[in-house]
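Following: one structure in structure tokens, then a few remarks.
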Amino acid sequence: MDLPNISTYLRPDDIQNITHWGEDWTWLAGGTWLFSEPQPHLTVLVDIQSWGWSEIEVKQDNLIIGATCPLIKLLEYPWLKEWTAGSGFKTAINALAASFKIVNLATVGGNICLALSVGTLAPLMIALDAKYEIWNLQGESRQVAARDFQLGAKITILQPGEILRRVLIPVDNLKWQINYQRFSIAATDPALAIVVTTKNNQQIRCVIGASVPAPMLLGEAENIETAENKFIAALDKENFLDNAKAGANYRRELTKILIKRSLSAL
Ligand SMILES: Cc1cc2nc3c(=O)[nH]c(=O)nc-3n(C[C@H](O)[C@H](O)[C@H](O)COP(=O)(O)OP(=O)(O)OC[C@H]3O[C@@H](n4cnc5c(N)ncnc54)[C@H](O)[C@@H]3O)c2cc1C
């Protein structure tokens, strides 16, 4: 895809070499989305692929995933047996496996920051209570909970010039049981609804995505017996997407079914 308005391509060695930012600038990671549409509002691409932010490592009780880690690396990662939540990553990424190119080139940061309603990683990150580390051009960093990052379809809390540096998931949370449910009409279609549930000794968590503009933590329950009623009741307060792909009522009912399936699979 040609990007007709792009006049400048920057490939700095480091983020410190970027001293200012324009509203028509964008970070370029795997490029799988940026090069899939004309992007008439953009004139400058800042390529971050050479910054070596593709680590997957354990540090200070967190599994750290660098923003430019390609999705395929998570599929190939040797998840420890006790990290039961590793299966959630495999399901989430395999959901995109219809496109070999996307899984090989697209990055974790690109998937999260693009913030599509159908985003495959964000519901998983919220379910696992992940944190995102965000850097700005002044050399400052902050961490936000994954559940607070995405505000709507393609809307995040990122300010101009801010960048997602890495994702942090507490290693203990990787030991949670997890179940990832996704429904689409055809396997290659975007999801109409996603439900991710997790279970640990204290609680059961439920996150919904794809059926609503931004993924959200629907709730927490103390035990599996009360979880289903609690999560399904919480759906009444949500505004479901209503478009040509599927109506709001359909998405709500679908989400109910996926919640039931997910909880019974836990
Ligand atoms: C036809 C098609 C269908 C798709 N369907 C799905 C789907 O069903 N589910 C799904 O989850 N995804 C879907 N995607 C999205 C796909 O997963 C994305 O293209 C990919 O995740 C984006 O990753 P990337 O590294 O290529 O990002 P890029 O294309 O390079 O960038 C995407 C956006 O993220 C920003 N960005 C990238 N990295 C960072 C960072 N570290 N910090 C801040 N901003 C950043 C860029 O500035 C840009 O705005 C689809 C894409 C295409 C083209």
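The values are calculated or read from the model by the stated rules, or taken from the named source; none is laboratory data. In this text the structure is predicted, and so the values were computed from the model without any measurement. Don't worry about glycine lacking a Cβ; one is built from the backbone with ideal geometry, like all the others, and counts go over all protein chains shown. Ligands, DNA and RNA are stripped out before the accessible areas are found, and what is left, the full protein with its side chains, is counted by its heavy atoms. Shrake-Rupley method; radii C 1.70, N 1.55, O 1.52, S 1.80 Å.
The table below gives the values:
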{"item": "Subset of segment 87-113 [closer than 22 Å to residue 169 by Cα and either touching an Asp or Glu at 6+ places or on another chain (Cβ under 8 Å) or hydroxyl-bearing (Ser, Thr, Tyr) (or both)]", "result": "87, 91, 107"}
{"item": "Residue match in segment 237-258 (condition: more than 30 Å from residue 100 (Cβ to Cβ) and open to solvent by less than 10 Å² (accessible area, probe 1.4 Å))", "result": "no"}
{"item": "Matching residues, segment 137-155, being over 13 Å from residue 126 (Cβ atoms) and either surrounded by 14 or more Cβ atoms within 10 Å (Cβ to Cβ) or hydroxyl-bearing (Ser, Thr, Tyr) (or both)", "result": "137, 141, 153, 154"}
{"item": "The lone exception for residue 95 - which of (1) farther than 15 Å from residue 215 by Cβ; (2) at pLDDT below 95 it fails", "result": "(1)"}
{"item": "Residues (free of Cβ contacts under 8 Å to residues at least 40 places away in the same chain, of a type in the set (Asp, Glu) and closer than 20 Å to residue 172 by Cβ) located in segment 114-154", "result": "133"}
{"item": "Boolean, residue 34 is buried (at least 18 other Cβ atoms within 10 Å of the Cβ), closer than 19 Å to residue 112 by Cβ and within 13 Å of the ligand (Cβ to nearest atom)", "result": "yes"}
{"item": "Residue match in segment 184-194 (condition: touching a residue at least 24 places away in the same chain (Cβ under 8 Å), out of contact with any Leu (no Cβ under 8 Å at 6 or more places or on another chain) and either open to solvent by less than 10 Å² (accessible area, probe 1.4 Å) or not in a loop (DSSP other than H, G, I, E, B) (or both))", "result": "yes"}
{"item": "Identity of the residue in segment 94-106, out of contact with any strand residue (DSSP E or B) (no Cβ under 6 Å at 6 or more places or on another chain) and open to solvent by less than 40 Å² (accessible area, probe 1.4 Å), that ends up nearest to the ligand (Cβ to nearest atom)", "result": "106"}
{"item": "All positions within segment 228-249 that are touching an Asp or Glu at 6+ places or on another chain (Cβ under 9 Å) and modelled with pLDDT of 95 or more", "result": "230, 248, 249"}
{"item": "Flag for residue 66 being open to solvent by less than 30 Å² (accessible area, probe 1.4 Å), in the same structural domain as residue 163 (by TED's automatic domain parsing) and over 25 Å from residue 138 (Cα atoms)", "result": "no"}
{"item": "Filter pass, residue 88 being within 8 Å of the ligand (Cβ to nearest atom) and either open to solvent by less than 10 Å² (accessible area, probe 1.4 Å) or modelled with pLDDT of 95 or more (or both)", "result": "no"}
